[in-house]
Amino acid sequence: MSYSFEYIDIILLAMIAGFIFLRLRGILGKKTGFEEDIDSSFAHEAPPVKQNVDLNANTFDENAKQEFIKGAKIAYETIITNFANGKLKEIKSLLDKNVYQQFEEAIKDRDAKSYSSETTFIGINSAEVKEHKQNKNMLEVTVEFVSEIISSVKDKDNKVVSGDPEKIKKVLDTWKFSKDSRSPNPNWLLIDTQA
């Protein structure tokens, strides 16, 4: 008789472990082998640009665009997920001062209302350079992202205020990145976002 209880305990523990595993995998995603470190990719693989050279010329050829897009995708996901989790310090080096302040205000507003944000980043469907230009020493690149995200905001009673925690939504974002060609800092900064 006591053996049957041990089997039930083992089965229950296995089910709980399986549930926790699937839940964590759903929240954290799974490693595909194509992940890259944001610091080594986006910051250091910016297209080489000489002073007084037009960005529309050969300095931003197809190879440079592809390298830029690769880093921009990593930056996009990093910024989205850290903003949703309220971890601005993690992405401060990727944000222009004004964008940082806007994000900070949004997080303070969310905290003041006792709201919590839940975001699961599914992936980027496409990322395309829409415009690139040089304004004196400032280089600017505008990228259009199409991504899939599960996102919701809940109040202190865990009721959904906006979004849907069960539904994947397609998001179109246009982000503008900037870099000073004279600066030794290789980072491109996010200077504008449009949804």
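The values are calculated or read from the model by the stated rules, or taken from the named source; none is laboratory data. Values in this document were obtained by computation on a predicted structure and should not be read as measured data. Here Cβ is always computed from backbone atoms with ideal geometry, including for glycine, and neighbour counts include all displayed protein chains.
Filtered by the rule that a residue be in a helix (DSSP H, G or I) and crowded, with 17+ Cβ neighbours inside 10 Å, region 89-99 gives Ile91, Leu94, Val99. In the set (1) basic (Lys, Arg); (2) at pLDDT 65 or above; (3) farther than 29 Å from Phe103 by Cα, Arg23 fails one condition alone, (3). Do we have Thr59 as at pLDDT 85 or above, out of contact with any His (no Cβ under 7 Å at 6 or more places or on another chain) and not hydrophobic (A, V, I, L, M, F, W, C) here? Here the answer is no, as Thr59 does not meet what is asked. Here Ser41 fulfils each of the conditions (1) out of contact with any strand residue (DSSP E or B) (no Cβ under 7 Å at 6 or more places or on another chain); (2) hydroxyl-bearing (Ser, Thr, Tyr); (3) modelled with pLDDT of 85 or more apart from (3).
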